[in-house]
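No lab work stands behind these numbers, since they all come straight from the coordinates. The shown structure was predicted, so the numbers you read here are calculated from the model rather than taken from an experiment. Note: ideal-geometry Cβ built from the backbone for every residue, glycine included; neighbour counts use all protein chains shown.
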Amino acid sequence: MVDTPDTNADFWKSDKQVAHWVETAEDRERWRAGQRRLMADLLPYGGEEEFTFLDLGAGTGAAACAVLDRYRGASALLADFSPQMMEQGTQALAGFKGRYTYVEFDLSSREWPDAIPRGLGAVISSLSVHHLPDDRKQELFAEILDHLAPGGWYLNYDPVAADDPVIEAAWQRANDRRDPVEAAKRAHRSDEERQRYENHVRYIIPLAPQLEFMQKARFEAIDVYWKHLDYVIYGGRRPAHPSA
Ligand SMILES: C[S@@+](CC[C@H](N)C(=O)[O-])C[C@H]1O[C@@H](n2cnc3c(N)ncnc32)[C@H](O)[C@@H]1O
């Protein structure tokens, strides 16, 4: 965590930062393809079954794409607060025209837009929840449960922090060996790279409290469905039958 002022909204509403994100997306997406597919595969639907899912902090729709691709009956609500990311997404999602709608939504607000109904078939988030302070993460999980249909799943793909410096060093060692260029950059960050890094890590927390937030929100079947060093996919579902 870093304690410099929160730059998140300015960051994601900046033409320059969004252009950088889009330019560098292809490399990252090569590594993430398996995780994207897994998020889709974890949902309990048949290929043609109709359902609506919500992608929170959808950006250009990379996570939603995998779900739309996997389930021909799926329709997506893509929530984001960055006009630039939504504009880029509209181009990236041209092949899914008619099956998705962007909704402007600032995840730091408790006011959900009317365009997001209750009874959703699934909610996903990818690389966005870590931009929220902890109390808001916790509230958001409860709000997500409230918007899911009974039996509906929530899955989150996000970075996590280590709560042990030895573990953190092991993660960094393995990541650096996979990506020596990124490792070299870390030692000589420009001001812009440092700001990007700080915006990324500001509210990243360990996995355990996030699973606790899920439990407190009363999800069931909570599990870490995938993990590689500092990246995880965790989730759970709204109980299919409310407890008596
Ligand atoms: C790292 S990108 C990830 C985009 C996409 N989910 C993906 O997996 O490629 C983070 C996204 O979260 C959005 N975001 C960050 N904070 C947000 C907030 N408070 N409200 C709504 N969207 C937010 C950003 O605009 C951006 O599109």
Please turn the phi angles of segment 85-94 into ³J(HN,Hα) values with the Karplus equation 6.51 cos²θ - 1.76 cosθ + 1.60 (θ = phi - 60°), one per residue in order, whole Hz, x for glycine and proline. 5, 5, 5, 4, x, 4, 6, 5, 9, 3
Set Lys16/Lys227; Lys137/Lys185; Lys16/Lys185; Lys13/Lys227; Lys185/Lys227; Lys97/Lys227, cut-off 27 Å on Cα-Cα distance; pairs above it are Lys16/Lys227; Lys137/Lys185; Lys13/Lys227; Lys97/Lys227
Charge tally in the Cβ shell below 15 Å around Asp114, where Lys, Arg are +1 and Asp, Glu are -1, Asp114 excluded: -3
Neighbourhood charge, 12 Å Cβ-Cβ cut-off, centred on Gln88 and excluding it, Lys, Arg +1 and Asp, Glu -1: -4
I'd like the projected area of segment 166-225, averaged over all directions, using the convex hull of its alpha carbons. Report it in nm² with one decimal. 5.8 nm²
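Could you pull out the longest piece of the chain with no exposed loop trypsin sites (Lys or Arg not before Pro) in it, calling a site exposed if DSSP puts it outside H, G, I, E, B and it has at most 12 other Cβ atoms within 10 Å?
119-244
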Give the residue list of GluC sites (Glu not before Pro) in segment 2-107 that are DSSP loop and have at most 12 other beta-carbon atoms within 10 angstrom. Glu48, Glu50
Where a label projected 7 Å from the Cα of Ala208 along Cα→Cβ would reach, residues of segment 1-28 with amide N under 17 Å: 1
Helix-only mean residue ellipticity at 222 nm, the chain, DSSP H runs n ≥ 4 weighted -39,500 (n - 2.57), per residue, nearest 500. What is it? -13000 deg cm²/dmol
Pull out a ≥ b ≥ c, the square roots of the eigenvalues of the alpha-carbon gyration tensor of the chain, then state rounded if a/c is under 1.5, prolate if not and a/b is larger than b/c, and oblate in the remaining case. prolate
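Any idea what the relative contact order of the chain is, in percent, if you count C-alpha pairs under 8 Å spaced at least 6 apart?
Details: 392 pairs, mean separation 49.2, N = 244.
Taking the mean separation of contacting Cα pairs over the length of the chain, I get 20 percent.
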HN-Hα J in Hz across segment 232-237 - Karplus 6.51, -1.76, 1.60, θ = phi - 60°, x for Gly and Pro: 9, 10, 10, x, x, 10
Which value, in debye to the nearest 20, describes the size of the charge dipole of segment 27-107 about its Cα centre when Lys and Arg Cβ atoms bear +1, Asp and Glu Cβ atoms bear -1, and nothing else is charged? 320 debye
With the dipole of the chain worked out from charges on the C-beta (+1 for Lys and Arg, -1 for Asp and Glu) around the Cα centre, which of Thr90, Thr101, Ala74 lies farthest toward the positive end? Ala74
